[in-house]
Amino acid sequence: MKYLSIIGSTGSIGTQTLDVVSQHPDQFKVVALVAHHNIDLLEKQIKEYQPLVAGLVDESAFKELQGRYTGPTKLVGGKEALIAAATIQEATMVVTAIVGAAGIEPTVEAIKKRKTIGLANKETLVAGGPLITSLAKEYGVQILPIDSEHSAIFQCLEGQNRENVDSLIVTASGGPLRTWDSDKIQTATAADCLRHPTWNMGNKITIDSASLFNKGLEVIEAHWLFGFDFDHIDVVVHPQSIVHSMIRMKDGAILAQMGNPDMREPIQYALTYPKRETLHMNHLDFSKALQLEFLPPRYDDFPALRLAYEVGRSSGFKPAVFNAANETAVYAFLDDKIAFGDIYKVVTSVLESMGPEDDFTLDNLLAIDRWAREKATSLMV
């Protein structure tokens, strides 16, 4: 039996994680659930899974939940809810499924409590790669990737002599603007960007998919997860989202992990690792017609991907600033405060404003994350 704490339980990854849990009640017990503000769904989850602890980060939503819930689950609110879920004694695995840099602190605290990490929050490693990986090594904690691309690479690397692996190949759907003319991309609306052709995801990650910022974040995350330098991490556009990622061996052989675009497969692999269990979903069927395309990224039209390689190679706090400025700009775009093309402009302007960097500590990381968000906000007034 694995005892799970799920941070971000009402989001896309969180709800699909609970679906996997429901398919294997003899293997998993949920001990903590935390969401941001979705009271109704969290309350339903509490009643179904009966965790020991549940919480809402949004203070007003938490107070409303307190006023209407009378069951045995202990309720926690605000930032404390994240830490409570990350450190609860009974949990053996913490699934970090929230969006953004908010995932950094609970991941750090979970590692210090020696919890296995099911990582769906890519920003944790993008912003805090040096810190997170060193802590995981110090406390002997395993970080199991949940993102479909990183799960695919993880699966392809299983059993391989790393000396025989030449490079990682991260696939990208290309997003909803993949076929758009260059001059039209900059004026895409939020509605345009949210029409993802293959994946059903949250709004922030879907916008990032449209700009390829998401793929840039994944390249940086792959660097920290698997220890490959950026010269040996490639990106290829694969519109069908069937091949989730690949590895290239030194003899030229390509190993790929394939499946339908459904996050329950990588979620379950992380939860059951190293075992594989039956999963009820619509699986890939080769008896039906299947066409696969692979194309090079359009770096000039989607410059965020090239920028991600640049900041990744720079290391230090630049990836954290890259992430924080983008996150701030994306939400401004979703609120119709800036144009789609302005997201990249805001991020580059914030990066250019960086001063000398301090030592890479958690406090300094959180401080520069706050600075980058404030700077990005000031540029959009």
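Taking the Cα centre of the stretch 1-65 as reference, the dipole from Cβ charges on Lys and Arg (+1) and Asp and Glu (-1) amounts to some 220 debye.
Solvent-accessible surface of the stretch 59-182, taken per residue with a 1.4 Å probe and all protein chains present: 39 Å².
Given only helices, namely DSSP H runs of n ≥ 4 each adding -39500 (n - 2.57), what is the per-residue ellipticity at 222 nm of the chain, to the nearest 500 deg cm²/dmol?
Here the helix-only value at 222 nm equals -14000 deg cm²/dmol.
The modelled label-to-label distance between Tyr299 and Ser315, using points 7 Å beyond Cα along the C-beta direction, is 2.2 nm. Note on the chain: dipole from Cβ charges, positive end direction compared against Leu52, Gly175, Ser9; the farthest Cα belongs to Leu52.
Counting only protein heavy atoms and using a 1.4 Å probe, what share of the accessible area of the chain belongs to carbon plus sulfur, as a whole percent? Display every interim value, and only then the final one.
Working: 7890 of 16490 Å².
The computed percentage sits at 48.
The dipole here belongs to the stretch 159-235: it is taken about the Cα centre, uses +1 on the Cβ of Lys and Arg and -1 on the Cβ of Asp and Glu, and is about 400 debye.
Accessible surface for the stretch 302-381, divided over its residues, is 46 Å² per residue with a 1.4 Å probe. Go through Lys29/Lys74; Lys79/Lys137; Lys345/Lys375; Lys29/Lys115; Lys112/Lys137 and tell me which ones have a Cα-Cα distance over 19 Å in this structure. In this structure, Lys79/Lys137 lie more than 19 Å apart at Cα. Normalised by the number of residues in the stretch 129-268, the average gap of Cα pairs under 8 Å and 6 or more apart makes the relative contact order 38 percent. Once the chain from Met281 to His37 is taken as fully extended at 0.36 nm per residue, the excess over their C-alpha distance is 85.0 nm. Once you reduce the stretch 253-326 and the stretch 337-364 to the center of their Cα atoms, the two points are 24 Å from each other.
Using 0.36 nm per residue, how much length does the chain from Lys113 to Ala339 gain when fully extended, once their Cα-Cα distance is taken away?
Values: separation 226, 0.36 × 226 = 81.36 nm, distance 4.28 nm.
Contour length minus the Cα-Cα distance gives 77.1 nm.
Identify which of Thr92, Thr272, Thr107 has the largest mean-square fluctuation in a Gaussian network model of the chain, with springs joining Cα atoms closer than 10 Å. Among Thr92, Thr272, Thr107, the largest GNM mean-square fluctuation belongs to Thr272. For a label point 7 angstrom out from the Cα of Ser134 toward its Cβ, which stretches of the stretch 196-226 have the backbone nitrogen within less than 17 Å? Within reach of a label on Ser134: 224-225. Given +1 at the Cβ of Lys and Arg, -1 at the Cβ of Asp and Glu and no other charges, the dipole of the chain around its Cα centre is 760 debye to the nearest 20. Between the beta carbons of Asp229 and Asp192, assuming R0 = 35 Å, the FRET efficiency works out to 0.50 to the nearest 0.05. Largest GNM mean-square fluctuation among Asn214, Asn121, Asn203, using the chain with Cα springs under 10 Å: Asn203.
Summarising the label geometry, the points placed 7 Å from Cα in the beta-carbon direction at Leu362 and Trp199 lie 2.8 nm from one another. With a ≥ b ≥ c taken as the square roots of the eigenvalues of the C-alpha gyration tensor of the chain, please select rounded if a/c is under 1.5 and otherwise prolate if a/b is larger than b/c or oblate if it is not? Rounded.
The values are calculated or read from the model by the stated rules, or taken from the named source; none is laboratory data. The model shown is predicted, which means the values in this text are computed figures rather than measured ones. Counting neighbours? That spans all protein chains shown, and the Cβs are built from the backbone with ideal geometry, glycine included. Calculation scope for accessible area: heavy atoms of the full protein, side chains included, ligands and nucleic acids excluded. Shrake-Rupley method; radii C 1.70, N 1.55, O 1.52, S 1.80 Å.
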